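Asker: The structure's right below; bear with me while I get my questions together.
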Amino acid sequence: MTLRLFALTLFAMLAFAGNSLLCRVALTQTAIDPTTFVALRIGSGALMLWLVLRARRDRSRLEGTWAGALALFAYALAFSFAYTHIPAGTGALLLFGAIQISMVLYGFLIGERLSAVQGMGITLAIAGLVALMLPGMGAPPLFYGFLMIVSGVAWSVYSLLGRGTKHPAAATAGNFIRATPVALALFAAQLAASHTRFDATGAAYAVASGAVTSGLGYILWYAALKQLSVTRAATVQLSVPVLAAFGGTLFLDEPLTGVLVIASTLVLAGVALVIRTPRPA
């Protein structure tokens with residue numbers, strides 16, 4: 001791995017973990033509400049991606065679909081509401097685990113076979129998520145944990161809808177742009193009901209999440225993906241929940257509980273078994 005590729009990959013993973021930290025700090029330490037956060041995150045992400053495409057003179061290649069945009073919006077909305085009650089590391093682990101498990105299960109449903117080792121891996125990963133959700137010390141509230149799992153499933157749907165696209169950055173920009181009016185419509189409905197809570201600091205976190213850790217983060221990741229094998233690309237994403245957990249401990253004073261450590265070990269080991277083992281023909 002070259003130094004440039006290492007830097008691209010590292011900063012992309014830091015950006016993905018940063019999404020969890022920015023969302024968590026905005027929704028717990030400022031007055032902004034989740035719907036406003038989502039509207040600002042998606043809108044600023046759309047603007048940043050559009051500016052990048054314009055700088056590249058790729059405006060004519062704006063892609064994406066409404067189905068992808070709705071899946072993106074569902075991911076962001078469930079993500080934000082879940083983080084009102086879930087620590088950054090726990091949320092990232094639930095999100096990451098749900099994404100990987102749902103995509104593997106989708107492959108199984110369409111006829112892709114799993115080896116015995118991969119079957120053991122998916123079992124370990126599911127066991128880790130179940131252990132994390134069980135009532136007890138450090139367990140997240142059940143409803144909000146479920147919301148984060150829904151967010152992960154929505155992201156896996158978004159990813160599956162985008163398979164095979166020739167211009168992933170253009171497709172992502174198109175989906176963000178399409179999702180923006182949906183997010184603004186929900187924001188307007190909440191505003192009319194007088195349930196909106198705006199906060200300048202929270203808004204700054206939302207814009208940073210959309211423009212930097214989402215918009216620029218995806219650009220960096222797509223640049224790295226061109227030089228990474230599928231297995232290596234999947235493997236490096238194992239670092240995101242770990243980075244989010246340590247970031248939450250360092251910057252948000254969130255405890256690194258024994259339950260989280262055990263669940264992380266099970267989920268990451270299980271997913272690693274699935275993606276590192278060649279599938280049977």
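The values are calculated or read from the model by the stated rules, or taken from the named source; none is laboratory data. Note that the structure is a prediction, hence the values are computed from the model and not measured. Here Cβ is always computed from backbone atoms with ideal geometry, including for glycine, and neighbour counts include all displayed protein chains.
Asker: Does the stretch 208-219 include one or more residues that are at pLDDT below 85 and among the hydroxyl-bearing types (S, T, Y)?
Answerer: For the stretch 208-219, residues at pLDDT below 85 and among the hydroxyl-bearing types (S, T, Y): absent.
Asker: Looking at the stretch 129-140, can you tell me whether even one residue there is under 19 Å from the mean Cα position of the chain (by Cα) and in contact (Cβ under 8 Å) with a residue 60 or more places away in the chain?
Answerer: Checked the stretch 129-140: at least one residue is under 19 Å from the mean Cα position of the chain (by Cα) and in contact (Cβ under 8 Å) with a residue 60 or more places away in the chain.
Asker: Can you find even one residue in the stretch 265-279 that is outside any helix (DSSP H, G or I), surrounded by 15 or more Cβ atoms within 10 Å (Cβ to Cβ), charged (D, E, K, R) and touching a residue at least 60 places away in the same chain (Cβ under 8 Å)?
Answerer: Within the stretch 265-279, not a single residue is outside any helix (DSSP H, G or I), surrounded by 15 or more Cβ atoms within 10 Å (Cβ to Cβ), charged (D, E, K, R) and touching a residue at least 60 places away in the same chain (Cβ under 8 Å).
Asker: Something else: Have a look at A69, A46 and point out the one that is hydrophobic (A, V, I, L, M, F, W, C), under 19 Å from A223 (Cα atoms), modelled with pLDDT of 95 or more and crowded, with 22+ Cβ neighbours inside 10 Å. Give the steps one after another, and end with the answer.
Answerer: Values: A69 fails: under 19 Å from A223 (Cα atoms).
Among A69, A46, only A46 is hydrophobic (A, V, I, L, M, F, W, C), under 19 Å from A223 (Cα atoms), modelled with pLDDT of 95 or more and crowded, with 22+ Cβ neighbours inside 10 Å.
Asker: Name the residue, out of P255, P241, that is outside any helix (DSSP H, G or I) and touching a residue at least 24 places away in the same chain (Cβ under 8 Å). Let's see the steps before the verdict.
Answerer: Numbers: P241 fails: outside any helix (DSSP H, G or I).
When all the criteria are applied, what remains is P255.
Asker: Starting from the stretch 59-84, take each residue that is basic (K, R) and list its partners that are outside any helix (DSSP H, G or I), counting only C-beta distances under 7 angstrom and pairs at least six apart or across chains.
Answerer: Within 7 Å, the pairs are R61/H167.
Asker: Take L129 and tell me if it is closer than 20 Å to I275 by Cα and crowded, with 19+ Cβ neighbours inside 10 Å.
Answerer: Answer is yes for this residue.
Asker: Only one residue in T231, T201 is in a helix (DSSP H, G or I), surrounded by fewer than 17 Cβ atoms within 10 Å (Cβ to Cβ), among the polar types (S, T, N, Q) and modelled with pLDDT under 85, so which one is that?
Answerer: Selected residue: T231, the only one of T231, T201 that is in a helix (DSSP H, G or I), surrounded by fewer than 17 Cβ atoms within 10 Å (Cβ to Cβ), among the polar types (S, T, N, Q) and modelled with pLDDT under 85.
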